[in-house]
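Please read the structure below before turning to the comments.
The values are calculated or read from the model by the stated rules, or taken from the named source; none is laboratory data. This structure is a prediction, so every number in the text was calculated from the model and none was measured. Because the Cβ atoms are built from the backbone with ideal geometry, glycine has one as well, and the counts that use them run over all protein chains shown. Areas reflect the complete protein model, heavy atoms only, side chains present, ligands, DNA and RNA absent. Shrake-Rupley method; radii C 1.70, N 1.55, O 1.52, S 1.80 Å.
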Amino acid sequence: MDDLREQIELLESSANLSTSINDVQKAIDMLTAAREKITAGMSACHPSKAPLTLAKLQDPFKKTMDAAQKDLKPIYSGLNKYGKALDKKFKDKPLPSAENDALSSHPSLINRAIAMHLLREGQFDVASTFVEEAHRHPPHPEPTLNTPYPSSKTDSWEQDLAEGTFNSENLQRQFADMYHILHELRNERNLEPAIQWARERSDILEARGSNLEFELCRLQFVCLFIQNQDDFMDDTPTGPLRAWNYARQAFGMFSQRYAREIQHLMGAMAYYENIEDSPYQRYFYNDSAWEEVAHSFNREFCSLLGLSADSPLFIAATAGAIALPYLLKMQSIMKERRAEWTTQNELPVEIPLPSTYHFHSIFVCPVSKEQTTDANPPMMMPCGHVIASESLDKLSKGARFKCPYCPTESHPRDAKKVVL
């Protein structure tokens with residue numbers, strides 16, 4: 001990617017758009033002045049001045065436009081070189097044709113995912129227009145291998161967005177509130193709206209085991225602790241004293257669950273003049289604290305709506321973009337070897353997705369070396385070793401058998417299903 005970066009830097013250094021814009025504006029001003037002069041001559045019954053005005057305009061106008069074109073030449077050249085560098089780096093390869101597009105029989109699911117993504121991103125007007133146009137032109141399901149006879153009746157995704165669980169107007173209000181609070185957190189460094197939101201839902205967040213409300217109050221304590229008197233117009237106590245007063249009001253409800261962290265915050269009071277070298281420095285010098293608390297708020301907000309923190313459409317598109325090069329390479333290898341991909345529920349190669357995209361635990365049977373599924377779940381024997389259900393059946397054949405990893409014998413009925 002270094003060559004692409006180099007071309008971008010050359011393009012930025014050679015671009016002189018401001019000069020070109022000024023030249024074009026100068027030409028426009030010249031034309032405007034000439035038009036006004038000709039108009040004034042026509043109203044004064046002196047039409048003979050129009051040819052003279054145009055003749056005087058011709059040479060300076062041409063020079064101005066030539067200067068603008070001269071300034072644009074390096075930009076055209078830079079764009080041409082950048083385009084060639086792109087073509088060289090990313091060679092044109094035809095994408096594989098989808099012989100069995102699993103989503104062709106469920107186009108309404110795609111429409112719903114797009115509409116939900118637009119709502120989550122705050123593009124409310126675009127989402128409303130998309131839903132209206134999709135309603136005017138409803139999708140037609142096409143048969144696929146797994147769904148040879150897709151339902152032809154209209155799916156209820158629009159009704160869900162109109163009046164059901166995912167009411168679009170309600171979601172718009174909810175996400176508008178979320179973006180307002182996120183703006184206050186990230187741009188204004190204002191914790192009050194987020195704290196108020198969390199306090200109104202304190203019981204629900206507590207039942208979920210959420211740390212959001214305490215994280216917000218802890219950051220508020222830190223902000224008050226490090227503020228100066230110059231930040232206030234009155235004689236309100238500042239610094240540790242103001243933070244101490246806030247802690248007495250806000251930390252009472254957290255005294256049992258977060259007693260140790262509260263003790264640390266209170267202990268920092270003794271190091272007020274040298275907090276940077278104190279054992280509590282990490283609480284007061286955390287550059288990512290605001291982004292962390294904003295991410296926690298976003299996650300909890302979406303969870304209370306029954307949604308994931310990230311848009312499923314964004315996750316699917318990102319994972320697909322990561323997986324595509326591996327699948328293209330696998331396709332070319334299989335084509336050369338004249339092999340076929342016969343497994344329906346598994347990918348032919350492992351895709352190295354980021355850890356944040358690992359949503360399900362994976363267990364590979366140590367006996368069969370195959371990944372367990374719902375139809376072939378992991379089973380734990382009385383000795384504590386775990387193997388797949390099919391491996392258990394093959395080893396035991398319905399009778400007592402010896403564990404393949406220890407001398408313990410057991411009966412298959414004593415094995416228990418493991419949920420990961």
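Cβ-Cβ below 7 Å, separation at least six or inter-chain, first residue in region 324-338 and closer than 15 Å to residue 350 by Cβ, second surrounded by 11 or more Cβ atoms within 10 Å (Cβ to Cβ) and not small (Gly, Ala, Ser): which pairs?
From region 324-338, the pairs are 326/349; 326/351; 330/348; 330/349.
Tell me yes or no: at least one residue of region 195-208 is more than 17 Å from residue 295 (Cβ to Cβ), over 22 Å from the mean Cα position of the chain (by Cα) and among the aliphatic types (A, V, I, L, M).
Yes: region 195-208 contains one or more residues that are more than 17 Å from residue 295 (Cβ to Cβ), over 22 Å from the mean Cα position of the chain (by Cα) and among the aliphatic types (A, V, I, L, M).
What residue, of 332, 361, 368, is open to solvent by less than 100 Å² (accessible area, probe 1.4 Å) and not in a loop (DSSP other than H, G, I, E, B)?
None of the other options fit; the residue is 332.
Is there a residue being closer than 30 Å to residue 207 by Cα, assigned to a loop (DSSP other than H, G, I, E, B), of a type outside the set (Ser, Thr, Tyr) and modelled with pLDDT of 85 or more anywhere in region 412-420?
The answer is yes; a qualifying residue exists.
Sort through 214, 225, 221 and tell me the only one that's open to solvent by less than 20 Å² (accessible area, probe 1.4 Å), at pLDDT below 90, closer than 23 Å to residue 285 by Cβ and more than 23 Å from the chain's Cα centre (by Cα).
225
In region 298-306, is there at least one residue being under 23 Å from residue 220 (Cα atoms) and in a loop (DSSP other than H, G, I, E, B)?
The answer is no; no qualifying residue exists.
On the basis of being part of a helix (DSSP H, G or I), within 30 Å of residue 8 (Cα to Cα) and under 54 Å from the mean Cα position of the chain (by Cα), does residue 23 make the cut?
yes
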